[in-house]
Amino acid sequence: MKNIAIVCKGKADKDFFDSFIEHLIENKSINLYEKTISFYILGGKGSLFKVENKNYQELQSEVLMERTEKILFVIDADDVINDAIYGGYENTEKALNELISQLDFQEFSSTYIMCDPITKTGYLESFILSTIPEQQRHCIERFLECSQFKSKENHKAILNQIYNIAYPNAPYKFAHSHFDELKEKLCLLFSNEL
């Protein structure tokens, strides 16, 4: 049995992927009979780009011993205004490709940058917010503007709570077209193709 690995920033990312993978299994888009998933949660964005991170040493060992055959790197785009080095889609993509090259994972890795697919900025919560109807999205955005939350982490946590309260029975609209690219990457990750 071969492992597949998903490298991500935090627990919220893992929880999201657990839900999405469960949805794909229920809809028979993927099966887990021949695969096991290992999540590598690296903490902050800066930690994810450090080649010397102990999680990468473990992952390199798994790859060398041929126990892990595919890796999906997932990271938030954030915004270049807040981080001139790693912020924004292009900077994130460049840094992620350099990391994969330094780790020598090019042959069996793919990437997905979490953000609002239209603006190419943001994070997991921005991505999820982009999948709800425009009127409801504007209502949530107006609330966040009025509340004037300064901290990005507070903003993300509050956005996540609002979404979970508003949609308790169907937390994510996986049928939305914004999920298509990520679905394709996950299906390929679970397939027997390299």
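The values are calculated or read from the model by the stated rules, or taken from the named source; none is laboratory data. Since this is a predicted model, take the numbers as computed values, not measurements. FYI the Cβ positions are ideal-geometry reconstructions off the backbone, even for glycines, and counts take in every protein chain you see. The protein model used for the area step is the full one, side chains on, heavy atoms only, and it has no ligands, DNA or RNA in it. Shrake-Rupley method; radii C 1.70, N 1.55, O 1.52, S 1.80 Å.
What whole number of Å gives the distance from the Cα centroid of region 59-95 to the Cα centroid of region 98-167?
Comparing the Cα centres of region 98-167 and region 59-95, I get a distance of 16 Å.
Please go through the residue pairs LYS28/LYS173; LYS14/LYS173; LYS2/LYS185; LYS11/LYS156; LYS54/LYS183 and name each one whose alpha carbons sit more than 21 Å apart in this structure. Intermediate results must be reported in sequence, preceding the final value.
Numbers: LYS28/LYS173 17 Å; LYS14/LYS173 17 Å; LYS2/LYS185 17 Å; LYS11/LYS156 13 Å; LYS54/LYS183 29 Å.
Pairs exceeding 21 Å: LYS54/LYS183.
Of the candidates LYS14, LYS120, LYS94, which one comes out as most mobile in a Gaussian network treatment of the chain with C-alpha springs shorter than 10 Å?
LYS94
Per the Kirkwood treatment, what hydrodynamic radius in Å, one decimal, follows for region 1-92 from the mean inverse distance over all distinct Cα pairs?
Values: mean 1/r = 0.0691 Å⁻¹.
This gives a value of 14.5 Å.
Within a Cβ distance under 11 Å of ILE4, other residues only, what is the Lys/Arg minus Asp/Glu net charge? Before the final figure, lay out each step's value.
Details: positive: LYS2, LYS35, ARG67, LYS70; negative: GLU34, GLU62, GLU69.
In short, +1.
Net charge around TYR167, counting only other residues with Cβ within less than 14 Å of its Cβ (Lys, Arg = +1; Asp, Glu = -1)? Mind showing how you got there, number by number?
On the way: positive: ARG137, LYS173; negative: GLU125.
Net charge around TYR167: +1.
Going by alpha carbons, how many degrees (0 to 90, nearest 10) lie between the helix axis of 89-103 and the longest principal axis of the chain?
Compared with the principal axis, the helix lies near 20 degrees.
Search the structure for amide H atoms under 5 Å from the amide H of VAL7, placed 1.01 Å from N in the peptide plane, and list their residues when 5 or more places away or on another chain.
Correct list: TYR40, LEU72, PHE73, VAL74.
Rounding to the nearest 10 and keeping the result within 0 to 90°, find how far the Cα-based axis of helix 11-26 lies from the longest principal axis of the chain.
80
Among residues other than LYS14 whose Cβ falls under 14 Å from its Cβ, what is the net charge (Lys/Arg +1, Asp/Glu -1)?
Details: positive: LYS9, LYS11; negative: ASP13, ASP15, ASP18, GLU22, ASP76.
Summing Lys and Arg as +1 and Asp and Glu as -1 gives -3.
What does the accessible area per residue of the chain come to in Å², with a 1.4 Å probe and no ligands, DNA or RNA counted?
Numbers: 10780 Å² over 194 residues.
That works out to 56 Å² for each residue.
Relative to the longest principal axis of the C-alpha atoms of the chain, give the angle of the C-alpha long axis of helix 180-190, reported between 0 and 90° and rounded to the nearest 10°.
Orientation of helix 180-190: about 20 degrees from the principal axis.
For GLU98 and GLU141, compute 0.36 nm times the residue count separating them, minus their Cα-Cα distance, and round to one decimal in nm.
On the way: separation 43, 0.36 × 43 = 15.48 nm, distance 3.42 nm.
Difference between extended and current length: 12.1 nm.
For n ≥ 4 DSSP H runs only, could you compute -39500 (n - 2.57) per run for the chain, divide by its residues and tell me the 222 nm figure to the nearest 500? Provide the component values of the computation, followed by the final result.
On the way: 8 runs with 92 residues, N = 194.
Mean residue ellipticity, 222 nm, calculated: -14500 deg cm²/dmol.
Could you give the length gained by full extension between GLU22 and LYS173, i.e. 0.36 nm per residue of separation minus their alpha carbon distance, to one decimal place?
Values: separation 151, 0.36 × 151 = 54.36 nm, distance 1.34 nm.
Full extension from GLU22 to LYS173 adds 53.0 nm.
Just want to confirm a number: the relative contact order over the chain, from Cα pairs under 8 angstrom separated by 6+ residues, in percent. Please list the in-between numbers first.
Values: 235 pairs, mean separation 42.5, N = 194.
This gives 22 percent for the chain.
Quick one: pull the percent of accessible area on the chain belonging to carbon and sulfur, 1.4 Å probe, ligands and nucleic acids left out. Working shown, then result.
Details: 5430 of 10780 Å².
Carbon and sulfur together cover 50 percent of it.
Provide the packing ranking of 124-130, 62-68, 107-113, i.e. peptides ordered by the mean count of other C-beta atoms within 10 Å per residue, highest first. Mind dumping the intermediate values first?
On the way: 124-130: 21.3, 62-68: 14.3, 107-113: 16.7.
Taking the mean over residues of other Cβ atoms within 10 Å, the ranking is 124-130, 107-113, 62-68.
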